């Protein structure tokens, strides 16, 4: 893979990780293990729910809500944020040349311990009867005494994340001042992610700590300006930070598996990543669309702003596809057939490809649901979990698991990948099950199937001919395929992190598509993908519009 003294990026990664000290390597591996544990627990709860949907078992309503709470809190708050904390910390250490001094190691370790303790609190709370879903809003939380422990757990989680984020921000600034020179685009993006994490974690603390004080019967010491606004900013940012970190990992994996850097240069890449900083917090307005007191003018502004959410993600996808295509064509591969040059037998590249494919589906639907009028129609239907699982499981989790496997093989010194063939195939089957689950869920949502409940029998006038129950079975079958494939993927990742079994990572196919000279040409593939995305968004929008046009309209105040 070497070209003279110019190391392939994967070799450079290996050498850089080798230079990390023992504390840094062990801490990140511990974060990965906690993340995978939370994913396993949340996934087990999800499996029980989808086999209920598939009409294989019949769960008691109380158990359903307990499982929804366990699934949501484990998979969202702990799987995603343990994984992101470990991955973004590693990227700053590797690409930002950040080193953790003893003054920084102690708070980062303390923050990680707080996160682990908080998860134990949440698990105990759920086992004690908190059936509040993962958002644990006050109207539900005050009905369950054990919810107090969950609120303490969530407050502790965000305290831990604040400590980690602030510590890494200070360490990064210190490293930048000490070394001079320019940050790489990956280091710059990871630093921005840490800044957004600090802001989001603080907003989250301002939501959950006052709520805890209310339940305990006291007047909140900390009073957010607006509970609804604070909750919406927190909720929105918590969802989009995983998207941002996934896109950063797209950028990293494309380079590690093909050797190709952005053909547009580092400054363009940094400019694109910086857009996230400006579009994530302001676009939280669309979470307030169902608030009756919000003026129509603000809702209009929110709809306009929401169109900007996907801009940086689409831009990075465009950048990656353009760079891969032009580089492959510069190596002699023809237009369109250049795709054959990509390392399709590499499990890390396959994860990247499947992640982008599932993001395409999720993004197509997301641009409909976050519009004002459509939000009123679809926000409380199964269309929402139908589309966001394309992101949370398909796009985000696949890339996180794959990246954890890749980095862990160097962090633990084993240089082994467990069940390599299985890790190559698992993302494909996850995507297959996901498309069944997601498309059926969106169709069901368009017909009015409610979310946050697994009870669909509202009488003959609502559930005509048992249609909702029939489509719920299809959703459940897709979920079973998705959950089973994800379980196998999880096993591969756990064995790789532990370094106890696997084949040499050097056996993984890696391409070197770096051209000696970039040939002139216009990338065709990104234009095709964007055209297809616009078509998909148009179809989803027309379908939603058709439903709205067919709704009964009453006038005269009746």
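Out of contact with any strand residue (DSSP E or B) (no Cβ under 6 Å at 6 or more places or on another chain), under 20 Å from residue 90 (Cβ atoms) and in a helix (DSSP H, G or I), is that true of residue 374? Criteria not met by residue 374. When the stretch 167-191 is examined, which residues are found to be closer than 24 Å to residue 82 by Cβ, touching a helix residue (DSSP H, G or I) at 6+ places or on another chain (Cβ under 6 Å) and surrounded by fewer than 20 Cβ atoms within 10 Å (Cβ to Cβ)? Once the filter is applied, which keeps residues that are closer than 24 Å to residue 82 by Cβ, touching a helix residue (DSSP H, G or I) at 6+ places or on another chain (Cβ under 6 Å) and surrounded by fewer than 20 Cβ atoms within 10 Å (Cβ to Cβ), the stretch 167-191 yields only 169. Among the residues of the stretch 128-150, some residue qualifies, meaning at least one is farther than 20 Å from residue 80 by Cα, part of a helix (DSSP H, G or I), in contact with a helix residue (DSSP H, G or I) (Cβ under 8 Å, 6 or more places away or on another chain) and modelled with pLDDT of 80 or more.
Listed residues 335, 309, 368; which is touching a helix residue (DSSP H, G or I) at 6+ places or on another chain (Cβ under 8 Å), assigned to a helix (DSSP H, G or I) and at pLDDT below 85?
Working: 335 fails: assigned to a helix (DSSP H, G or I); 309 fails: assigned to a helix (DSSP H, G or I).
Just a single option satisfies the conditions, and that option is 368.
Among all positions in the stretch 284-302, there is no residue which is at pLDDT 85 or above and either on the phi > 0 side of the Ramachandran plot or more than 22 Å from the chain's Cα centre (by Cα) (or both). In the stretch 226-240, the count of residues that are surrounded by 23 or more Cβ atoms within 10 Å (Cβ to Cβ), within 21 Å of residue 114 (Cα to Cα) and at pLDDT 70 or above is one or more. Here the helices (runs of 4 or more DSSP H) wholly within the stretch 16-127 that include at least 2 residues being within 23 Å of residue 415 (Cα to Cα) and in contact with a helix residue (DSSP H, G or I) (Cβ under 9 Å, 6 or more places away or on another chain) are 22-53, 80-95. Considering only the stretch 435-448, I want to know if a residue exists there that is surrounded by fewer than 20 Cβ atoms within 10 Å (Cβ to Cβ), modelled with pLDDT of 90 or more and within 23 Å of the chain's Cα centre (by Cα). For the stretch 435-448, residues surrounded by fewer than 20 Cβ atoms within 10 Å (Cβ to Cβ), modelled with pLDDT of 90 or more and within 23 Å of the chain's Cα centre (by Cα): present.
Pairs are defined by a Cβ separation below 9 Å, a sequence spacing of at least 6 or placement on different chains, a first member in the stretch 481-505 that is within 12 Å of residue 409 (Cβ to Cβ), and a second member that is outside any helix (DSSP H, G or I) and at pLDDT 95 or above; no pair meets this definition. Any residue at all in the stretch 57-76 that's over 18 Å from residue 127 (Cα atoms) and surrounded by fewer than 17 Cβ atoms within 10 Å (Cβ to Cβ)? Yes, the stretch 57-76 has at least one match.
Hey, any hits in the stretch 210-221 for a residue that's at pLDDT below 75, assigned to a helix (DSSP H, G or I), surrounded by 20 or more Cβ atoms within 10 Å (Cβ to Cβ) and touching a helix residue (DSSP H, G or I) at 6+ places or on another chain (Cβ under 7 Å)? Yes; the residues of the stretch 210-221 include at least one that is at pLDDT below 75, assigned to a helix (DSSP H, G or I), surrounded by 20 or more Cβ atoms within 10 Å (Cβ to Cβ) and touching a helix residue (DSSP H, G or I) at 6+ places or on another chain (Cβ under 7 Å).
Residue-by-condition table, conditions (1) touching a strand residue (DSSP E or B) at 6+ places or on another chain (Cβ under 8 Å); (2) within 24 Å of residue 318 (Cβ to Cβ); (3) surrounded by fewer than 16 Cβ atoms within 10 Å (Cβ to Cβ); (4) at pLDDT 80 or above:
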{"position": "509", "(1), (2), (3), (4)": "no, no, yes, no"}
{"position": "519", "(1), (2), (3), (4)": "no, yes, yes, no"}
{"position": "528", "(1), (2), (3), (4)": "no, yes, yes, yes"}
{"position": "533", "(1), (2), (3), (4)": "no, yes, no, yes"}
{"position": "540", "(1), (2), (3), (4)": "no, yes, no, no"}
{"position": "550", "(1), (2), (3), (4)": "no, no, yes, no"}
{"position": "555", "(1), (2), (3), (4)": "no, no, yes, no"}
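The values are calculated or read from the model by the stated rules, or taken from the named source; none is laboratory data. Since this is a predicted model, take the numbers as computed values, not measurements. Glycine also receives a Cβ, built like all others from the backbone with ideal geometry; neighbour counts cover every protein chain displayed.
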